[in-house]
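Enquirer: My structure is below; once you've seen it, I'll send some questions.
The values are calculated or read from the model by the stated rules, or taken from the named source; none is laboratory data. Quick caveat, the model's predicted, so the values are computed rather than measured. Reconstructed Cβ throughout: ideal geometry from the backbone, glycine too, with neighbour counts over all protein chains shown. Ligands, DNA and RNA are excluded from the accessible area calculation, which covers all protein heavy atoms including side chains. Shrake-Rupley method; radii C 1.70, N 1.55, O 1.52, S 1.80 Å.
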Amino acid sequence: MMRRALSAALLGLGLLCLGVLALLSVTRRWPWPVLVPTELHADQWRELFASESGVGGVVLRSIGMASSVAILATAAGFVSSRGVARHPRREGLFLVLHLPFAVSPVVLGVSLSYFFLRLNLAGHIVGVVLAQFILAYAYAVILLSGFWNPQVQALSGLAVTLGADRTQVWLRVLLPVARPLLMLCLLQTFLISWFDYALTLFIGGGRVSTLTTALYQYFGSGDVRLAATCALLLLAPPLAAIALHQRLLSATVAARLEA
Amino acid sequence: MSSTGNGRPSDLWANITVGLVTAPVAAGVAFMILYSIGVIGLLAGGFTLESWVQVLADVRTWVTLGFSIWVGGASLLTSLVLALGIHTILGAAPRRRALHGLWYAPLAVPPLVAALLSVEILGNAGVLARLGHALGWIGQPLDFPSPLYTRCGAGIVVTHVALVTPFLVLLFDRLARNERVEGLTEAARTLGASATQAWLRVRLPVLMRAATPALSVYFLALAGAFEVPLLVGAQYPPMISVAIQRRFSQFDIAMRPQAYALATLYAVLSAAILFLVFAARRRRERLERGA
């Protein structure tokens, strides 16, 4: 009985949150103290995608940036994680890999902004992607280090014994075996960039607009309806991933917890 | 890589890893130190500890640091108590298919969206205030006891708790399986322990011991949080990340060395805590291996 009540309460809270955002995104008037909006319309959605500096471009830019970060971090992280996992001082290396998360993205952004400015990367998409890559790469190495267990080592050893060269071991043995974990890593590193606000703010310097910066701008200017519309766009990819790939998410969390 | 064939298999990629992660952090911290002591930067006029003295002597610095630790600790502790309670009540339910997605949903919510939801639900004109008015409990928005924008940081804590608790429930579920907590609890009950004793002396210590490293890193992340305090925090006291951002973004460029001094102070403190967490874990593992 208690379990059911608790589950129902949690489900209700989740639906309330989504419902509030969905309502706000189609609200024209919602005066105090009425419980539901008195007028609805779809202008927020039209405005977001129709205006010259519309969010349509921002969505595409955010997707492009997050995809680049995810692909770069996962590819580099996969190769590096092997060296880290087998290194005699891997505990120390793991400590180093946790540093960017411990010092907070704001400190990372503030400390890097000067170098990015000197390299003409501040205020540029490439600069923001590179800054996000530092966090995503560290995360990818931590996550993928768990892959290099004795079974995988034995498997690649067996392939070499059977005549496979190094390229074949990577392409025909390691990549197929690691595929599920690589998919998880791609999703997680995509989200690191997709959710980022601090690094985009400090490295982008207001000239690189993403969905998170757009949300903050709308919120700051008092337009919570457009902010809610941006919030729904931000939630869409990860929620779709949960709906479509529950098992993938389950494994992602497991991997994250183990990392 | 193990097949480099030079007898030092892991060094190349380990060095690359360290370089890609440490170099930017170390270079950034070195730059902040040099800027804050007047060696480099637009205002560089030779070595001086003036900004450090100003930052360290400013009571607001310590209030900000104390407030960040308070918010991080309160958020984590509240989430911990809730997650342990939910985990005890639900048992294996989070693993069941119907509830599965529900537990993962908060992981899909970025802090900015969580803060926006807090404003719209817990704010003075939010959903709960409207509900309170409909039930006749309040007459106007200001009558609603909103936790947002309060000096004690209640709104930040509530928002963090909503984000963190589901993750901790999943963490405890996972750890309970790895550590075979159900079996241990059952053994304790068979040996005569009451349900409360089994919970307090078996389940809780086993789960907390296994969760401590993850919780320590989580504490650092919560104490250094930026987006949630930016949206639902009071003007004063600010959390450390917001305080750094404010000093850094001020029109008065003379404040920048102080911003870098404050950021360096926080970076060193959090790195030291991380180091202590890793050292403690290593020591414990060594002791366990020895035993």
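Enquirer: Over chain A, with every protein chain in place, what whole percent of the accessible area is carbon and sulfur at 1.4 Å, could you tell me?
Expert: After summing per-atom areas, the C and S share lands at 65 percent.
Enquirer: Only helical DSSP H runs with n ≥ 4 go in: add -39500 (n - 2.57) per run for the protein assembly as shown, normalise by residue count and round the 222 nm mean residue ellipticity to 500 deg cm²/dmol.
Expert: Rounded to the nearest 500, it is -24000 deg cm²/dmol.
Enquirer: With a ≥ b ≥ c the root eigenvalues of the C-alpha gyration tensor of the range A:29-88, is it rounded (a/c under 1.5), prolate (a/b larger than b/c) or oblate?
Expert: Cα axes put the range A:29-88 in the oblate bin.
Enquirer: Once Lys and Arg get +1 and Asp and Glu get -1 on their Cβ, which of A:50, A:110, A:190 lies farthest toward the positive end of the dipole of the range A:48-203?
Expert: The listed residue farthest towards the positive side: A:190.
Enquirer: Something else about it: Please give the average number of partner chain Cβ atoms lying within 10 Å of the Cβ of each residue in B:225-231, rounded to a whole number.
Expert: The per-residue average across the peptide is 5.
Enquirer: Quick one: 3J(HN,Hα) in Hz for the range A:226-240, Karplus 6.51/-1.76/1.60 with θ = phi - 60°, rounded, Gly and Pro as x.
Expert: Calculated HN-Hα couplings, in order: 5, 4, 5, 5, 4, 4, 5, 5, 5, 6, 4, x, x, 5, 5 Hz.
Enquirer: May I pose another question? Against the longest principal axis of chain A, how steep is helix A:104-118, in degrees 0 to 90 to the nearest 10, with axes from Cα atoms?
Expert: 80
Enquirer: Let me make sure I get this right: for the protein assembly as shown, a, b and c are the square roots of the gyration tensor eigenvalues over alpha carbons, sorted descending. Under 1.5 in a/c it's rounded, otherwise prolate if a/b > b/c, else oblate. Which is it?
Expert: It comes out rounded by the Cα gyration axes.
Enquirer: Let me ask something additional. Working from Cα positions, state the angle (0 to 90°, nearest 10) between the long axis of helix A:2-25 and the longest principal axis of chain A.
Expert: Helix A:2-25 sits at roughly 60 degrees to that axis.
Enquirer: Does chain B classify as rounded, prolate or oblate by the C-alpha gyration tensor (a ≥ b ≥ c root eigenvalues; a/c under 1.5 gives rounded; else a/b over b/c gives prolate, otherwise oblate)?
Expert: It is oblate, given that a/c is not under 1.5 and a/b is not larger than b/c.
Enquirer: Pick from B:86, B:16, B:253: which residue has the top mean-square fluctuation in a GNM of chain B where Cα pairs under 10 Å get a spring?
Expert: Of the options given, B:16 has the highest mean-square fluctuation.
Enquirer: When you count, for each residue, the other Cβ atoms within 10 Å and take the mean per peptide, how do A:209-221, A:74-86 rank with the highest first?
Expert: By packing density, highest mean first, the sequence is A:74-86, A:209-221.
Enquirer: Another one. Using a 1.4 angstrom probe, figure out how much accessible area the range B:148-208 has per residue, in square angstrom, rounded to the nearest whole.
Expert: In whole numbers, the range B:148-208 has 50 Å² accessible per residue.
Enquirer: Under the rule of at least 5 residues apart or a separate chain, name every residue whose amide H is placed under 5 Å from the amide H of residue A:28.
Expert: Under 5 Å from the amide H of residue A:28 lie the amide H atoms of A:39, A:40, A:41, each far enough along the sequence or on another chain.
Enquirer: For residue B:138, which sequence-distant residues (separation of 5 or more, or a different chain) have an amide H within less than 5 Å of its own amide H, given hydrogens modelled in the peptide plane?
Expert: Excluding prolines and chain starts, which carry no amide H, the hits are B:133.
Enquirer: At the nearest 100 Å², what buried accessible area, both sides summed, do you get for B and A when the probe is 1.4 Å?
Expert: Buried area between the two chains comes out at roughly 7200 Å².
Enquirer: Suppose every Lys and Arg Cβ carries +1 and every Asp and Glu Cβ carries -1, with no other charges. What dipole size does chain A come out with about its Cα centre, to the nearest 20 debye?
Expert: 580
Enquirer: Across the residues of A:75-84, average count of Cβ atoms on other protein chains within 10 Å?
Expert: Shielding by partners across A:75-84 averages 5.
Enquirer: Sticking with this structure for a sec: Among all helices in chain B defined by DSSP H, which have a length of 24 Å or more along the axis from Cα atoms plus a Kyte-Doolittle mean of at least 0.5?
Expert: B:11-36, B:59-90, B:154-178, B:204-223
Enquirer: Rounded to the nearest whole Å², what accessible area per residue is found for the range A:55-210 with the 1.4 Å probe?
Expert: With all protein chains present, the range A:55-210 gives 40 Å² per residue.
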